[in-house]
Amino acid sequence: MVILRPVRSFKMKLSIFNISNFRVDGGAMFGVIPKALWSRQVSSDENNTIELSLNSLVIETADRIILVDAGWGDKQGEKFFRHACLSGGVGLTGGLEQCGYRPDDITDVIITHLHADHCGGCFANVPGGGTRALFPNATYHISRVQWEWANDSNLREEDAFLAENIKPFEESGRLNLVEENGEICPGVMVKICYGHTPGLIIPVIRYRDKQFIYAGDLIPTIAHIALLWNMAYDLLPLVTIAEKQEILEEALRNEHILIFQHDPQAECCVLTETPKGIRAGVRGRLADYL
Ligand SMILES: [Zn+2]
């Protein structure tokens with residue numbers, strides 16, 4: 001697998017915002033890595049949970065305004081969100097507003113995958129039942145592999161694939177099932193991965209002469225750059241490792257910039273070679289790299 005090279009786009013603006021922080025079990029985020037190691041990099045609370053962000057990306061091209069992932073949304077009940085311990089962030093519509101957009105402006109939403117913290121925000125409950133689209137003019141891009149996988153569901157992911165999040169996409173009539181690696185529009189490519197969940201989309205963006213990789217749940221935080229530091233949520237850890245290795249090696253070689261969806265400290269980093277393998281080099285905010 002080789003990351004396809006997006007064609008340089010004529011005009012582009014990239015923005016990022018954190019919808020909300022949330023907390024998950026630190027052990028689940030680092031799989032087989034002992035807490036004695038991961039706790040040197042990430043702090044946990046008395047319940048062993050760690051804080052994650054929900055960084056969504058907005059890509060404005062000559063004729064499209066593309067949102068990447070939409071967070072949890074608010075369709076589930078108080079008990080559900082009590083476990084997620086939401087805090088901080090600017091919200092989905094708040095974040096868009098901060099970047100200069102209204103929900104109606106969004107022409108496309110790339111849904112990296114259908115786990116609840118990535119897709120739930122596309123639709124909201126309406127009083128009396130049913131849902132409404134937050135982005136009524138948007139086409140939703142989801143990989144066909146992920147769509148079919150999530151609709152079949154499975155015991156392991158049934159808490160992540162929620163019918164109330166997934167059904168409205170089908171009912172919207174605005175679903176574009178992405179068949180393979182390729183271009184969504186000039187400058188915006190998608191690469192399909194299989195280790196975290198089958199059909200995870202990794203958006204790759206060509207901005208001026210730089211390339212940005214939105215690493216999503218393949219490399220959710222800087223700490224997950226190390227090849228063996230993977231989430232226990234990954235269905236196929238060996239596949240995750242191979243996919244990470246290929247992306248990281250190519251990114252290192254070509255000075256591509258990684259964007260992290262779940263790292264509350266760093267939005268982006270470049271990579272550097274160390275005796276232990278590829279690690280984060282200079283890290284910072286997306287704006288520092290534009
Ligand atoms: Zn996920």
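We did not get these values from a lab; they are worked out from the coordinates using the rules stated. The structure presented is a predicted model; accordingly, all values stated were derived computationally and were not measured. Cβ coordinates were reconstructed from backbone atoms using ideal geometry, including for glycine residues, and neighbour counts include every protein chain displayed.
Scanning segment 249-284 for residues that are surrounded by fewer than 14 Cβ atoms within 10 Å (Cβ to Cβ) and among the aromatic types (Phe, Trp, Tyr) turns up nothing. Of all residues in segment 249-290, none satisfies the criterion of being without any contact (Cβ under 8 Å) to a residue 12 or more places away in the chain, part of a loop (DSSP other than H, G, I, E, B) and closer than 20 Å to LEU54 by Cα.
Residues in segment 9-21 that are in a loop (DSSP other than H, G, I, E, B) and not hydrophobic (A, V, I, L, M, F, W, C): SER9, LYS11, SER20.
Tell me, please, whether a residue that is among the charged types (D, E, K, R) and within 14 Å of the chain's Cα centre (by Cα) can be found in segment 211-218.
Initially, segment 211-218 is screened for residues among the charged types (D, E, K, R), giving 217.
Checking the rest, the ones that are also within 14 Å of the chain's Cα centre (by Cα) come to 217.
There is at least one residue in segment 211-218 that is among the charged types (D, E, K, R) and within 14 Å of the chain's Cα centre (by Cα).
Between LEU67, LEU114, the distinction of being under 21 Å from ARG156 (Cα atoms) and touching a residue at least 12 places away in the same chain (Cβ under 8 Å) belongs to LEU114 only.
Scanning segment 104-125 for residues that are of a type outside the set (Val, Ile, Thr), more than 15 Å from the ligand (Cβ to nearest atom) and surrounded by fewer than 24 Cβ atoms within 10 Å (Cβ to Cβ) yields ASP104, ASP105, ASP108, ALA124, ASN125.
For segment 83-92, state whether one or more residues are farther than 18 Å from MET231 by Cα and free of Cβ contacts under 8 Å to residues at least 24 places away in the same chain. So far as segment 83-92 goes, yes, one or more of its residues are farther than 18 Å from MET231 by Cα and free of Cβ contacts under 8 Å to residues at least 24 places away in the same chain. Count of segment 104-126 residues, restricted to those that are part of a loop (DSSP other than H, G, I, E, B) and hydrophobic (A, V, I, L, M, F, W, C), is 4.
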